Amino acid sequence: MLPRATMPIWFLMFLLNSSVLRLDLGPFVSQWALPLHERCLSWIPNTNYGPLYGAIVCGKDPALSSEVLTLQISGLYHLLVVSGAHLTFIQGWLRPFSKKSFTRRLAVLLLIVYTLMTNAQPPVVRAFVYWCLIEWHPLRSSSIQSAPRGQLYTGVICLTIFPAWSTSLSFWLSWLASLSIQIAQRVLKSELARHTLTHLILLPALVRLGAGHPFAILSNWILGPLFGALLLPLSIAAMAAPILQPLSDGIWFILIKILEPFCHLLIHQEAGFSRATLIIYICVVQIVWLEADKWLRRRN
């Protein structure tokens, strides 16, 4: 007999296969996202680090360069390209101003604008949908607030309204990354231990991206917070106020120079894990996390 935690999965997968529920809001969202995304791209500074600004702020895939390759090999590439982590960073900035009703609505509006400005990239939309499910008041007393169920329902909702994302590698990787972070935060207290467990859960995907080495653990532990606390807000500010571009470029330059000696020692090679294998692996992690969460709740 299947575990009870897996039953919602089979039911929701049945719904996903129903053509009636395949809303496909992709074209509609693109109509709103594209103008904001193009405006964001028009603000990219004309410097050597322009592609990095476009990636971290606007969600534009950067052309392969020595700087991009350095960040990819070091395991920090996921913090360069727009992902759910960027939305989490911005949520953290807005949290102190979200206590009153008006400022809370304004924060939601800013998150929507940012999501569209990144051209509604799957990882950002997935993170926004999850945030809405967890934060929306009518659902606060619901079991959907359970972290594992919240992740499951978020994934199913996204695949229902954006069926094309079923073949989006960035969507599936963001789902796996979110699961791994939640699991690590739930079972471990040490930040280094959390980063290590997150890395191990993500290993099949990291190997595919050429960042399966242990150095990625240290780089994310030591330098990861730098992206949310400094590089992202400074890059946004530099795009809005060109006078800050030399300072922002200098921070990017220092980061790349710090990473380069280590990355030269590492071999960048994509492995042969297929997308289908990764999707199966992610489903297994989701099911295990649903069951483990129940066990942890009973234990506590």
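Rule-based calculations on the coordinates, nothing more; no lab input. Note that the coordinates shown come from a computational prediction; the quantities given were computed from them, not determined experimentally. Please note: Cβ atoms are built from the backbone with ideal geometry, for glycine as well, and neighbour counts cover all protein chains shown.
Here the extension length gained between residue 106 and residue 47 equals 18.0 nm, from 0.36 nm per residue of separation less the Cα-Cα distance. For the stretch 276-291, backbone phi angles converted through the Karplus equation (6.51, -1.76, 1.60; θ = phi - 60°) give residue-by-residue couplings of 4, 4, 5, 5, 4, 4, 5, 4, 5, 4, 4, 5, 4, 5, 4, 6 Hz, Gly and Pro being listed as x. Computed over neighbours whose Cβ is under 14 Å from that of residue 253, the net charge equals -2, Lys and Arg +1, Asp and Glu -1. Each of residue 294 and residue 66 was given a label point 7 Å from its Cα along the Cα-to-Cβ line. The distance between the two points is 5.5 nm. Charging the Cβ of each Asp and Glu at -1 and of each Lys and Arg at +1, and nothing else, the dipole of the stretch 19-294 about its Cα centre rounds to 860 debye. Computed from the C-beta positions of residue 237 and residue 25, the FRET efficiency with R₀ = 35 Å rounds to 0.60.
On the basis of the beta-carbon distance and an R0 of 41 Å, residue 276 and residue 39 show a calculated FRET efficiency of 0.65. Averaging 1/r over every pair of different alpha carbons in the chain and inverting the result gives a Kirkwood radius of 20.3 Å. Database note for the chain: Cys without another Cys beta carbon under 4.7 angstrom, 132, 158, 263, 283.
Along the axis of the charge dipole computed for the chain (Cβ charges of +1 for Lys and Arg, -1 for Asp and Glu, origin at the Cα centre), the listed residues 258, 62, 167 are led at the positive end by 167.
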